[in-house]
1. Within the set of pairs 6 or more residues apart or between chains, which connect a residue that is modelled with pLDDT under 70 inside region 38-58 to a residue that is of a type in the set (Gly, Ala, Ser) with Cβ atoms less than 8 Å apart?
2. Is there a residue in region 194-203 that is free of Cβ contacts under 8 Å to residues at least 12 places away in the same chain, in the same structural domain as VAL286 (by TED's automatic domain parsing), over 22 Å from MET284 (Cβ atoms) and not small (Gly, Ala, Ser)?
3. Give me a count of the residues in region 243-268 that are over 22 Å from LYS308 (Cα atoms), touching a residue at least 12 places away in the same chain (Cβ under 8 Å) and of a type outside the set (D, E, K, R).
4. Of everything in region 293-333, what is farther than 15 Å from LEU279 by Cα and not hydroxyl-bearing (Ser, Thr, Tyr)? Give them in sequence order.
5. Just wondering, is there one or more residues in region 233-242 that are more than 25 Å from PHE159 (Cα to Cα) and basic (Lys, Arg)?
6. Hey, among LEU274, LEU254, LEU279, which residue is under 25 Å from the mean Cα position of the chain (by Cα), surrounded by 20 or more Cβ atoms within 10 Å (Cβ to Cβ), in the same structural domain as THR211 (by TED's automatic domain parsing) and not hydroxyl-bearing (Ser, Thr, Tyr)?
7. May I ask you to list pairs of residues, at least six apart or on different chains, whose Cβ atoms are under 8 Å apart, with the first in region 269-280 being on the phi > 0 side of the Ramachandran plot and of a type outside the set (Phe, Trp, Tyr) and the second being assigned to a helix (DSSP H, G or I) and surrounded by 20 or more Cβ atoms within 10 Å (Cβ to Cβ)?
8. Could you give me the residue pairs with C-beta distances under 7 Å whose first residue belongs to region 282-309 and is among the basic types (Lys, Arg), whose second residue is outside any strand (DSSP E or B) wherever it lies, and which are 6+ apart or on separate chains?
Amino acid sequence: MNEISIRITELIQKAREHVVKTANTTMVFTYYQIGSIIVEEWQKGELRAEYGSKLLQSISNDLTIKFGKGFSVQNLERMRNFFGLYSNSSKELRNSDVFQKSSNVLRISNDNSKETILLPISWSHYLFLMRIDNELERQFYEIESHVNQWKLKELERQFNSGLFERLSISKDKAKILQLVKEGQKIEKAADLIKDPLVLEFLGLEDKNSYTETELESAIINEIENFMLELGKGFFFGGRQVRFTFEEDHFFVDLVFYNRILKCFVLVDLKIGKLAHQDLGQMQMYVNYYDRFVKDATENPTIGIVLSKVKNQAVVEITLPEGNRQIFASKYQTILPTKESLQELLNHYETNLE
């Protein structure tokens, strides 16, 4: 393609993207309003199940004749629930910069003069979010979907991997509320750490055993998903990156750069139990990068030892107090069970009491 064709192609692609976004926003706005009208009529009528069933069936028949598919009784029920859920959202929770300053945010005034603020994500996203009973968790995923422009598949994956629960561990009430109101903020090295990292997309859960090389190769094959699991702002720098010090060669399993923190992030993979030597080795890698690789404008290097079995006692006694550069995290190759997610859920709910 010549230069003019490329410019025109880019213009058309941007225009199509804008049309899709506008259509999604219009659809969400319209379905919210439809839900509002149904609820208003519902409250006027007799509060009996048969009344509601007949009402929705009648509306469905009329709209289907006029507009075709998309207005089944089930879909109308979803619109009604959508309005009921978000018109009653906590005003305090939605009072943050994400909602107040986001471009294309939907502001809908209700009859009672209460304003509902909706982020510009698709109707499919909202259908998934409505399945989440906990308002804190639901709003977190709403914000993350908007800020990170997650596709529906990625939203489902992050929810199923318990991202909210994993980020909530060790946070007090104020920090969890900040997470819910603003999404994940990367301000310091510790904000990057998830424990555990969930790597079910590697396809290793069916293997009884695998080597560190096989683990590394699986990550490289799924490097985009791996970086999404690591968090925001990552760029891949290489695998088995060699450096030489006093004629000895050393190899860092995975090297990344985080543009938000403006620093190198080194990852070392261990398929067994974490040992103190692993942390010492990572300390040496980090020291080398700090002294010989990073420049004066960049922040201190972060090192993450990722192991199948994490020994917290070893971590605490090996790393110095106030450590801000070396971290240990475990990984798992299957999605967390509902039971384990519930334990994490109980943890942050206890913090909120």
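1. GLY45/GLY52; TYR51/GLY45
2. Within region 194-203, none of the residues are free of Cβ contacts under 8 Å to residues at least 12 places away in the same chain, in the same structural domain as VAL286 (by TED's automatic domain parsing), over 22 Å from MET284 (Cβ atoms) and not small (Gly, Ala, Ser).
3. Summing the residues that are over 22 Å from LYS308 (Cα atoms), touching a residue at least 12 places away in the same chain (Cβ under 8 Å) and of a type outside the set (D, E, K, R) in region 243-268 gives 9.
4. Kept after step one, since they are farther than 15 Å from LEU279 by Cα, are these residues of region 293-333: 293-300, 322, 331-333.
Hits for region 293-333 are VAL293, LYS294, ASP295, ALA296, GLU298, ASN299, PRO300, GLY322, GLN332.
5. In the first step, residues of region 233-242 are kept if they are more than 25 Å from PHE159 (Cα to Cα); the result is 237-242.
Next cut, basic (Lys, Arg) only: 239, 242.
There is at least one residue in region 233-242 that is more than 25 Å from PHE159 (Cα to Cα) and basic (Lys, Arg).
6. It is LEU254.
7. none
8. The qualifying pairs are LYS294/THR301.
The values are calculated or read from the model by the stated rules, or taken from the named source; none is laboratory data. The structure displayed is predicted, hence computed values, not measured ones. Every residue, glycine as well, gets a Cβ built from its backbone with ideal geometry; the counts of neighbours run over all protein chains shown.
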